[in-house]
1. Would you call residue 234 closer than 26 Å to residue 119 by Cβ, in the same structural domain as residue 90 (by TED's automatic domain parsing) and surrounded by fewer than 16 Cβ atoms within 10 Å (Cβ to Cβ)?
2. Quick test of your reading of the structure: residue 331 fulfils all but one of (1) within 15 Å of residue 410 (Cβ to Cβ); (2) modelled with pLDDT of 95 or more. Name the failing condition by number.
3. From the list 312, 395, 382, which one is under 25 Å from the mean Cα position of the chain (by Cα) and at pLDDT 95 or above?
4. Using beta carbons and a limit of 7 Å, which pairs, at least six apart or on different chains, have the first residue in segment 232-243 and farther than 15 Å from residue 367 by Cβ and the second one hydrophobic (A, V, I, L, M, F, W, C)?
5. Among (1) touching a Ser or Thr at 6+ places or on another chain (Cβ under 6 Å); (2) touching a residue at least 60 places away in the same chain (Cβ under 8 Å), there is one condition residue 172 misses while meeting the rest; what is its number?
6. Condition (residue is charged (D, E, K, R) and surrounded by 17 or more Cβ atoms within 10 Å (Cβ to Cβ)) applied to segment 297-314: is it met by at least one residue?
7. Assuming residue 72 fulfils every condition listed in (1) surrounded by fewer than 21 Cβ atoms within 10 Å (Cβ to Cβ); (2) part of a loop (DSSP other than H, G, I, E, B) apart from one, which condition is it?
8. Output the residues belonging to segment 322-357 that are loosely packed, with under 15 Cβ neighbours inside 10 Å and under 13 Å from residue 307 (Cβ atoms).
Amino acid sequence: MARTPRKRLLFAIGTVLAAIAALVVPMTGTASAAPAPGPLVWSDEFDGPAGSPVDGSKWRFDIGGGGWGNNEHQYYTDSTRNAALDGNGNLVITARRENPAGYQCHYGTCLYTSARLLTLGTFSQTYGRFEARMKLPRGQGIWPAFWMLGGTNWPDDGEIDIMENIGREPNTVHGTIHGPGYSGGGGIGAGYTIGSPFADAFHTFAVDWSPNLIVWYVDGVEYQRRTPADLGGRRWVFDHPFFMIMNVAVGGDWPGYPDGTTTFPQTLTVDYVRVYAPPTDSGGSGGQITGIGGKCVDVAGAETANGTPIQLWDCNGTAAQSWTWNSDGSVRALGKCMDVTAGSTANGAKVQLYDCNGTGAQRWTYDSGTGQIVNPQSGKCLDATDVSSANGTRLQIWDCTGGTNQRWTRT
(Lines give C-alpha, C1' and ligand atoms only; values in the text may rest on other atoms or scores of the structure.)
Protein backbone atom coordinates (compact mmCIF):
# COMPACT_ATOMS: atom_id res chain seq x y z
CA MET A 1 0.00 0.00 0.00
CA ALA A 2 2.98 2.34 0.51
CA ARG A 3 3.31 2.74 -3.25
CA THR A 4 -0.23 3.94 -3.85
CA PRO A 5 0.43 7.75 -3.65
CA ARG A 6 3.39 7.42 -6.00
CA LYS A 7 1.36 5.45 -8.51
CA ARG A 8 -1.41 8.02 -8.42
CA LEU A 9 1.11 10.80 -9.04
CA LEU A 10 2.64 8.91 -11.97
CA PHE A 11 -0.85 8.23 -13.34
CA ALA A 12 -1.68 11.95 -13.20
CA ILE A 13 1.62 12.91 -14.83
CA GLY A 14 1.08 10.33 -17.56
CA THR A 15 -2.39 11.69 -18.30
CA VAL A 16 -1.00 15.21 -18.66
CA LEU A 17 1.83 14.02 -20.93
CA ALA A 18 -0.63 12.12 -23.11
CA ALA A 19 -2.71 15.25 -23.53
CA ILE A 20 0.41 17.27 -24.40
CA ALA A 21 1.47 14.62 -26.93
CA ALA A 22 -1.95 14.80 -28.57
CA LEU A 23 -1.36 18.53 -29.11
CA VAL A 24 2.33 18.48 -30.05
CA VAL A 25 2.60 15.47 -32.36
CA PRO A 26 0.40 16.75 -35.21
CA MET A 27 2.46 19.94 -35.22
CA THR A 28 5.73 18.02 -35.62
CA GLY A 29 4.36 15.97 -38.49
CA THR A 30 4.82 12.56 -36.81
CA ALA A 31 1.26 11.47 -36.16
CA SER A 32 2.27 8.33 -34.31
CA ALA A 33 1.70 9.25 -30.66
CA ALA A 34 -1.42 8.07 -28.86
CA PRO A 35 -4.10 10.73 -28.35
CA ALA A 36 -5.52 11.36 -24.90
CA PRO A 37 -8.10 8.69 -23.99
CA GLY A 38 -11.58 9.21 -22.61
CA PRO A 39 -12.44 8.96 -18.90
CA LEU A 40 -11.03 6.07 -16.84
CA VAL A 41 -13.82 3.53 -16.24
CA TRP A 42 -12.02 0.47 -14.81
CA SER A 43 -8.59 -0.24 -13.39
CA ASP A 44 -6.52 -2.51 -11.19
CA GLU A 45 -3.36 -1.00 -9.70
CA PHE A 46 -2.48 -4.25 -7.85
CA ASP A 47 -1.83 -2.58 -4.51
CA GLY A 48 -1.81 -5.00 -1.58
CA PRO A 49 0.42 -7.06 0.69
CA ALA A 50 3.08 -9.29 -0.83
CA GLY A 51 1.78 -12.78 -1.54
CA SER A 52 -1.89 -11.82 -1.52
CA PRO A 53 -4.21 -12.95 -4.32
CA VAL A 54 -5.72 -10.71 -6.96
CA ASP A 55 -9.04 -8.98 -6.40
CA GLY A 56 -11.65 -11.67 -6.99
CA SER A 57 -14.28 -9.09 -7.87
CA LYS A 58 -12.19 -8.15 -10.91
CA TRP A 59 -10.37 -11.31 -11.99
CA ARG A 60 -11.24 -14.96 -12.46
CA PHE A 61 -9.01 -17.87 -13.46
CA ASP A 62 -8.97 -20.39 -16.25
CA ILE A 63 -7.70 -23.69 -14.85
CA GLY A 64 -6.41 -26.81 -16.60
CA GLY A 65 -3.83 -28.38 -18.86
CA GLY A 66 -5.69 -29.29 -22.02
CA GLY A 67 -3.35 -27.36 -24.31
CA TRP A 68 -5.74 -24.44 -24.83
CA GLY A 69 -5.98 -25.04 -28.57
CA ASN A 70 -2.25 -24.46 -29.09
CA ASN A 71 -0.63 -27.61 -27.63
CA GLU A 72 0.69 -25.59 -24.70
CA HIS A 73 2.46 -27.51 -21.93
CA GLN A 74 1.55 -25.57 -18.76
CA TYR A 75 -1.21 -26.37 -16.25
CA TYR A 76 -3.03 -23.17 -15.27
CA THR A 77 -3.81 -22.87 -11.56
CA ASP A 78 -5.40 -20.29 -9.25
CA SER A 79 -2.57 -20.65 -6.73
CA THR A 80 -0.71 -17.62 -5.38
CA ARG A 81 2.46 -19.48 -6.44
CA ASN A 82 1.42 -18.61 -9.97
CA ALA A 83 -0.41 -15.28 -9.54
CA ALA A 84 0.07 -12.95 -6.57
CA LEU A 85 0.72 -9.35 -5.62
CA ASP A 86 4.34 -8.47 -4.82
CA GLY A 87 3.69 -5.75 -2.23
CA ASN A 88 5.16 -3.07 -4.52
CA GLY A 89 2.04 -2.34 -6.53
CA ASN A 90 2.46 -5.15 -9.07
CA LEU A 91 0.81 -8.41 -10.00
CA VAL A 92 3.31 -11.16 -10.77
CA ILE A 93 2.24 -14.09 -12.97
CA THR A 94 4.84 -16.83 -12.56
CA ALA A 95 5.50 -19.82 -14.82
CA ARG A 96 7.30 -22.59 -12.92
CA ARG A 97 8.90 -25.88 -13.86
CA GLU A 98 7.03 -27.94 -11.25
CA ASN A 99 4.00 -30.13 -10.64
CA PRO A 100 3.11 -29.93 -6.93
CA ALA A 101 -0.22 -31.74 -7.20
CA GLY A 102 0.24 -34.42 -9.86
CA TYR A 103 -1.55 -32.37 -12.52
CA GLN A 104 -2.28 -34.17 -15.79
CA CYS A 105 -1.93 -32.41 -19.13
CA HIS A 106 -2.92 -33.39 -22.63
CA TYR A 107 0.55 -34.85 -23.22
CA GLY A 108 0.78 -36.70 -19.89
CA THR A 109 2.05 -35.58 -16.49
CA CYS A 110 2.39 -31.80 -16.58
CA LEU A 111 5.86 -30.27 -16.54
CA TYR A 112 4.93 -26.66 -15.78
CA THR A 113 2.40 -24.47 -13.94
CA SER A 114 1.33 -20.92 -14.68
CA ALA A 115 -1.77 -18.68 -14.49
CA ARG A 116 -4.35 -17.22 -16.83
CA LEU A 117 -6.54 -14.40 -15.45
CA LEU A 118 -9.64 -13.00 -17.13
CA THR A 119 -12.51 -10.57 -16.57
CA LEU A 120 -15.21 -12.81 -18.06
CA GLY A 121 -18.25 -12.28 -15.87
CA THR A 122 -16.76 -9.32 -14.01
CA PHE A 123 -16.06 -6.65 -16.65
CA SER A 124 -16.47 -6.14 -20.38
CA GLN A 125 -16.78 -3.09 -22.58
CA THR A 126 -17.42 -2.06 -26.18
CA TYR A 127 -14.81 0.40 -27.51
CA GLY A 128 -12.31 2.55 -25.65
CA ARG A 129 -8.66 2.22 -24.67
CA PHE A 130 -7.39 -0.97 -23.03
CA GLU A 131 -3.90 -0.59 -21.58
CA ALA A 132 -1.43 -2.43 -19.36
CA ARG A 133 2.07 -1.61 -18.13
CA MET A 134 4.14 -4.79 -18.00
CA LYS A 135 7.62 -6.22 -17.75
CA LEU A 136 7.74 -9.37 -19.85
CA PRO A 137 9.37 -12.73 -19.11
CA ARG A 138 12.09 -14.16 -21.34
CA GLY A 139 13.28 -17.46 -22.74
CA GLN A 140 12.64 -19.96 -25.50
CA GLY A 141 9.11 -21.36 -25.29
CA ILE A 142 7.76 -18.63 -23.00
CA TRP A 143 4.62 -16.93 -24.33
CA PRO A 144 3.07 -13.99 -22.39
CA ALA A 145 -0.08 -12.30 -23.68
CA PHE A 146 -2.52 -9.48 -22.92
CA TRP A 147 -5.63 -9.91 -25.06
CA MET A 148 -9.43 -9.78 -25.33
CA LEU A 149 -12.28 -12.05 -26.39
CA GLY A 150 -15.77 -11.10 -27.48
CA GLY A 151 -17.36 -14.25 -26.04
CA THR A 152 -16.90 -17.99 -25.76
CA ASN A 153 -17.77 -18.83 -29.39
CA TRP A 154 -14.31 -18.49 -30.94
CA PRO A 155 -13.53 -17.23 -33.54
CA ASP A 156 -16.98 -15.92 -34.44
CA ASP A 157 -17.09 -13.66 -31.37
CA GLY A 158 -13.71 -12.17 -32.23
CA GLU A 159 -10.31 -11.87 -30.55
CA ILE A 160 -8.12 -8.78 -30.14
CA ASP A 161 -4.52 -9.50 -29.14
CA ILE A 162 -3.15 -6.34 -27.58
CA MET A 163 0.28 -7.84 -26.88
CA GLU A 164 1.90 -11.22 -27.51
CA ASN A 165 5.57 -12.08 -27.24
CA ILE A 166 7.35 -15.34 -27.92
CA GLY A 167 10.70 -16.06 -26.30
CA ARG A 168 12.70 -16.51 -29.47
CA GLU A 169 11.84 -12.90 -30.43
CA PRO A 170 12.83 -11.01 -27.27
CA ASN A 171 12.71 -7.56 -28.89
CA THR A 172 9.35 -7.96 -30.68
CA VAL A 173 5.69 -7.92 -29.64
CA HIS A 174 2.70 -8.68 -31.84
CA GLY A 175 -0.83 -7.25 -32.14
CA THR A 176 -3.44 -9.29 -34.02
CA ILE A 177 -7.17 -9.64 -34.67
CA HIS A 178 -8.90 -12.98 -35.20
CA GLY A 179 -12.39 -13.67 -36.51
CA PRO A 180 -14.32 -16.01 -38.79
CA GLY A 181 -12.05 -16.88 -41.72
CA TYR A 182 -9.00 -15.12 -40.25
CA SER A 183 -8.29 -17.05 -37.07
CA GLY A 184 -5.26 -18.84 -35.64
CA GLY A 185 -2.27 -18.55 -37.96
CA GLY A 186 -4.47 -16.61 -40.38
CA GLY A 187 -4.99 -13.75 -37.95
CA ILE A 188 -4.38 -10.22 -39.24
CA GLY A 189 -1.73 -8.21 -37.44
CA ALA A 190 1.81 -6.91 -37.22
CA GLY A 191 4.84 -6.91 -34.98
CA TYR A 192 6.67 -4.05 -33.29
CA THR A 193 10.41 -4.27 -32.56
CA ILE A 194 12.60 -2.21 -30.24
CA GLY A 195 16.36 -2.15 -29.69
CA SER A 196 16.46 -4.26 -26.53
CA PRO A 197 14.51 -7.15 -24.97
CA PHE A 198 11.07 -6.31 -23.62
CA ALA A 199 12.08 -8.27 -20.52
CA ASP A 200 14.64 -5.62 -19.58
CA ALA A 201 12.15 -2.92 -18.51
CA PHE A 202 8.49 -2.03 -18.14
CA HIS A 203 6.56 -1.05 -21.26
CA THR A 204 2.96 -0.02 -21.91
CA PHE A 205 0.80 -1.93 -24.38
CA ALA A 206 -2.54 -0.54 -25.54
CA VAL A 207 -5.25 -0.48 -28.16
CA ASP A 208 -7.71 2.26 -29.03
CA TRP A 209 -10.87 0.53 -30.26
CA SER A 210 -13.73 2.34 -31.97
CA PRO A 211 -16.32 1.49 -34.64
CA ASN A 212 -14.48 0.16 -37.71
CA LEU A 213 -11.02 0.89 -36.29
CA ILE A 214 -8.49 -0.66 -33.88
CA VAL A 215 -5.13 1.06 -33.27
CA TRP A 216 -2.16 -0.53 -31.43
CA TYR A 217 0.47 1.29 -29.36
CA VAL A 218 3.68 0.42 -27.52
CA ASP A 219 4.83 3.07 -25.04
CA GLY A 220 2.35 5.49 -26.59
CA VAL A 221 3.67 5.05 -30.14
CA GLU A 222 1.21 3.83 -32.77
CA TYR A 223 2.49 0.94 -34.87
CA GLN A 224 -0.58 -0.57 -36.50
CA ARG A 225 -4.24 0.08 -37.31
CA ARG A 226 -6.89 -2.25 -38.70
CA THR A 227 -10.27 -1.60 -40.34
CA PRO A 228 -12.84 -3.74 -42.17
CA ALA A 229 -10.96 -2.95 -45.38
CA ASP A 230 -8.16 -5.25 -44.16
CA LEU A 231 -10.44 -8.30 -44.03
CA GLY A 232 -10.95 -8.88 -47.75
CA GLY A 233 -14.72 -9.11 -47.42
CA ARG A 234 -14.69 -11.24 -44.28
CA ARG A 235 -16.83 -10.25 -41.30
CA TRP A 236 -15.74 -7.52 -38.89
CA VAL A 237 -16.82 -8.90 -35.50
CA PHE A 238 -15.64 -6.10 -33.20
CA ASP A 239 -18.78 -4.14 -32.37
CA HIS A 240 -19.84 -5.76 -29.08
CA PRO A 241 -18.44 -6.11 -25.53
CA PHE A 242 -15.07 -7.84 -25.02
CA PHE A 243 -13.42 -9.05 -21.80
CA MET A 244 -9.68 -9.10 -20.99
CA ILE A 245 -7.20 -11.93 -20.43
CA MET A 246 -3.58 -12.01 -19.17
CA ASN A 247 -1.51 -15.18 -19.13
CA VAL A 248 1.92 -16.76 -19.47
CA ALA A 249 1.88 -19.92 -21.58
CA VAL A 250 4.77 -22.39 -21.69
CA GLY A 251 5.28 -23.92 -25.11
CA GLY A 252 2.85 -24.18 -28.00
CA ASP A 253 2.73 -24.50 -31.74
CA TRP A 254 3.80 -20.91 -32.36
CA PRO A 255 6.53 -20.26 -29.75
CA GLY A 256 7.90 -23.80 -29.67
CA TYR A 257 8.96 -25.38 -26.39
CA PRO A 258 11.49 -24.68 -23.65
CA ASP A 259 14.99 -26.00 -24.28
CA GLY A 260 18.29 -26.08 -22.40
CA THR A 261 18.58 -22.29 -22.56
CA THR A 262 15.24 -21.66 -20.81
CA THR A 263 15.42 -20.88 -17.11
CA PHE A 264 12.60 -21.01 -14.54
CA PRO A 265 10.73 -19.44 -12.91
CA GLN A 266 9.71 -16.81 -15.46
CA THR A 267 7.57 -13.85 -14.48
CA LEU A 268 5.20 -11.42 -16.16
CA THR A 269 5.09 -8.37 -13.86
CA VAL A 270 2.01 -6.16 -14.30
CA ASP A 271 2.07 -2.64 -12.87
CA TYR A 272 -1.52 -1.83 -13.85
CA VAL A 273 -4.40 -2.59 -16.19
CA ARG A 274 -6.62 0.37 -17.13
CA VAL A 275 -9.65 0.75 -19.35
CA TYR A 276 -10.91 4.09 -20.59
CA ALA A 277 -14.13 5.09 -22.26
CA PRO A 278 -13.87 6.37 -25.82
CA PRO A 279 -12.81 10.03 -25.96
CA THR A 280 -15.53 12.35 -24.72
CA ASP A 281 -17.67 13.60 -27.57
CA SER A 282 -16.76 17.13 -28.52
CA GLY A 283 -20.32 18.40 -28.61
CA GLY A 284 -19.28 20.65 -31.46
CA SER A 285 -21.27 21.45 -34.55
CA GLY A 286 -22.21 18.58 -36.79
CA GLY A 287 -21.77 18.12 -40.49
CA GLN A 288 -23.71 17.04 -43.52
CA ILE A 289 -24.00 13.51 -44.89
CA THR A 290 -24.41 13.58 -48.67
CA GLY A 291 -25.43 10.72 -50.90
CA ILE A 292 -26.87 9.90 -54.31
CA GLY A 293 -27.55 12.93 -56.46
CA GLY A 294 -25.61 15.12 -54.02
CA LYS A 295 -28.64 15.18 -51.71
CA CYS A 296 -28.35 15.42 -47.93
CA VAL A 297 -29.50 13.09 -45.16
CA ASP A 298 -32.35 15.08 -43.61
CA VAL A 299 -34.85 14.89 -40.75
CA ALA A 300 -38.27 15.34 -42.38
CA GLY A 301 -39.75 18.72 -41.55
CA ALA A 302 -37.01 19.29 -38.95
CA GLU A 303 -39.41 17.59 -36.53
CA THR A 304 -38.11 16.01 -33.32
CA ALA A 305 -40.96 13.61 -32.61
CA ASN A 306 -39.99 9.95 -32.22
CA GLY A 307 -40.52 8.18 -35.52
CA THR A 308 -39.87 11.20 -37.73
CA PRO A 309 -38.64 9.87 -41.11
CA ILE A 310 -35.03 10.32 -42.16
CA GLN A 311 -34.88 11.09 -45.86
CA LEU A 312 -32.95 12.69 -48.71
CA TRP A 313 -33.42 16.39 -49.39
CA ASP A 314 -31.69 19.28 -51.12
CA CYS A 315 -28.79 20.40 -48.93
CA ASN A 316 -29.77 23.59 -47.10
CA GLY A 317 -27.42 23.88 -44.11
CA THR A 318 -30.17 23.57 -41.50
CA ALA A 319 -29.93 21.75 -38.17
CA ALA A 320 -32.06 18.97 -39.66
CA GLN A 321 -29.05 18.10 -41.84
CA SER A 322 -26.33 18.56 -39.20
CA TRP A 323 -25.20 15.14 -37.91
CA THR A 324 -22.64 14.38 -35.20
CA TRP A 325 -20.80 11.06 -35.04
CA ASN A 326 -20.33 9.91 -31.46
CA SER A 327 -17.97 7.48 -29.75
CA ASP A 328 -20.86 5.22 -28.71
CA GLY A 329 -21.60 4.60 -32.40
CA SER A 330 -24.63 6.87 -32.50
CA VAL A 331 -25.31 9.44 -35.23
CA ARG A 332 -27.31 12.40 -33.93
CA ALA A 333 -29.29 15.39 -35.13
CA LEU A 334 -31.69 17.71 -33.31
CA GLY A 335 -30.76 16.01 -30.03
CA LYS A 336 -31.95 12.57 -31.13
CA CYS A 337 -30.48 9.48 -32.81
CA MET A 338 -30.61 7.87 -36.23
CA ASP A 339 -32.54 4.66 -35.52
CA VAL A 340 -33.73 1.54 -37.37
CA THR A 341 -37.49 1.22 -36.85
CA ALA A 342 -38.38 -1.36 -34.18
CA GLY A 343 -34.75 -2.52 -34.10
CA SER A 344 -35.40 -4.57 -37.24
CA THR A 345 -32.59 -6.25 -39.14
CA ALA A 346 -34.68 -6.95 -42.25
CA ASN A 347 -34.10 -5.50 -45.69
CA GLY A 348 -36.31 -2.45 -46.11
CA ALA A 349 -36.52 -1.53 -42.43
CA LYS A 350 -36.97 2.24 -42.38
CA VAL A 351 -34.60 4.65 -40.68
CA GLN A 352 -36.08 7.24 -38.36
CA LEU A 353 -35.25 9.79 -35.64
CA TYR A 354 -35.71 8.51 -32.08
CA ASP A 355 -34.70 9.13 -28.48
CA CYS A 356 -31.11 7.92 -27.98
CA ASN A 357 -31.14 4.63 -26.06
CA GLY A 358 -27.81 2.92 -26.79
CA THR A 359 -29.33 -0.07 -28.59
CA GLY A 360 -27.88 -1.77 -31.65
CA ALA A 361 -30.55 -0.11 -33.76
CA GLN A 362 -28.74 3.19 -33.15
CA ARG A 363 -25.15 2.12 -33.82
CA TRP A 364 -23.53 2.99 -37.11
CA THR A 365 -20.05 2.71 -38.59
CA TYR A 366 -18.61 4.60 -41.52
CA ASP A 367 -16.05 3.22 -43.98
CA SER A 368 -14.36 6.14 -45.70
CA GLY A 369 -12.94 3.78 -48.33
CA THR A 370 -16.31 2.50 -49.61
CA GLY A 371 -18.52 5.31 -48.36
CA GLN A 372 -20.81 2.77 -46.70
CA ILE A 373 -22.64 3.50 -43.46
CA VAL A 374 -23.30 0.16 -41.77
CA ASN A 375 -25.60 -0.83 -38.92
CA PRO A 376 -23.49 -3.56 -37.21
CA GLN A 377 -26.50 -5.16 -35.52
CA SER A 378 -27.94 -6.12 -38.89
CA GLY A 379 -24.77 -6.03 -40.99
CA LYS A 380 -26.76 -3.96 -43.50
CA CYS A 381 -26.09 -0.62 -45.17
CA LEU A 382 -27.84 2.73 -45.03
CA ASP A 383 -29.67 2.80 -48.36
CA ALA A 384 -31.71 5.31 -50.37
CA THR A 385 -34.89 3.45 -51.32
CA ASP A 386 -35.29 2.46 -54.98
CA VAL A 387 -31.95 4.08 -55.93
CA SER A 388 -33.79 7.39 -55.95
CA SER A 389 -32.36 10.85 -55.33
CA ALA A 390 -35.73 12.60 -55.27
CA ASN A 391 -36.52 14.89 -52.37
CA GLY A 392 -38.35 12.90 -49.71
CA THR A 393 -36.76 9.54 -50.58
CA ARG A 394 -36.88 7.49 -47.36
CA LEU A 395 -33.71 5.94 -46.04
CA GLN A 396 -33.68 2.28 -45.05
CA ILE A 397 -31.27 -0.57 -44.36
CA TRP A 398 -30.47 -3.12 -47.06
CA ASP A 399 -27.86 -5.74 -47.89
CA CYS A 400 -24.65 -3.94 -48.78
CA THR A 401 -24.27 -3.88 -52.57
CA GLY A 402 -21.78 -1.08 -53.17
CA GLY A 403 -24.42 0.76 -55.22
CA THR A 404 -24.52 4.53 -55.60
CA ASN A 405 -27.52 4.70 -53.27
CA GLN A 406 -25.31 3.27 -50.47
CA ARG A 407 -22.35 5.62 -50.84
CA TRP A 408 -22.15 8.52 -48.44
CA THR A 409 -19.78 11.40 -47.77
CA ARG A 410 -19.32 12.97 -44.33
CA THR A 411 -18.45 16.65 -44.03
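1. Working: closer than 26 Å to residue 119 by Cβ: no; in the same structural domain as residue 90 (by TED's automatic domain parsing): yes; surrounded by fewer than 16 Cβ atoms within 10 Å (Cβ to Cβ): yes.
Against the criterion (closer than 26 Å to residue 119 by Cβ, in the same structural domain as residue 90 (by TED's automatic domain parsing) and surrounded by fewer than 16 Cβ atoms within 10 Å (Cβ to Cβ)), residue 234 does not qualify.
2. (2)
3. On the way: 312 fails: under 25 Å from the mean Cα position of the chain (by Cα); 395 fails: under 25 Å from the mean Cα position of the chain (by Cα).
After applying the criteria, what remains is 382.
4. From segment 232-243, the pairs are 242/148; 242/149; 242/160; 243/118; 243/120; 243/123; 243/148; 243/149.
5. (2)
6. To start, the set of residues in segment 297-314 that are charged (D, E, K, R) comprises 298, 303, 314.
From what's left, surrounded by 17 or more Cβ atoms within 10 Å (Cβ to Cβ): 298.
Checked against the condition, which is being charged (D, E, K, R) and surrounded by 17 or more Cβ atoms within 10 Å (Cβ to Cβ), segment 297-314 yields at least one hit.
7. It fails just one condition, (1).
8. 342, 355, listed by residue number.
The values are calculated or read from the model by the stated rules, or taken from the named source; none is laboratory data. This is a predicted model, so every value here is computed, not measured. As a convention, Cβ positions derive from the backbone with ideal geometry for all residues, glycine included, and neighbour counts pool all protein chains shown.
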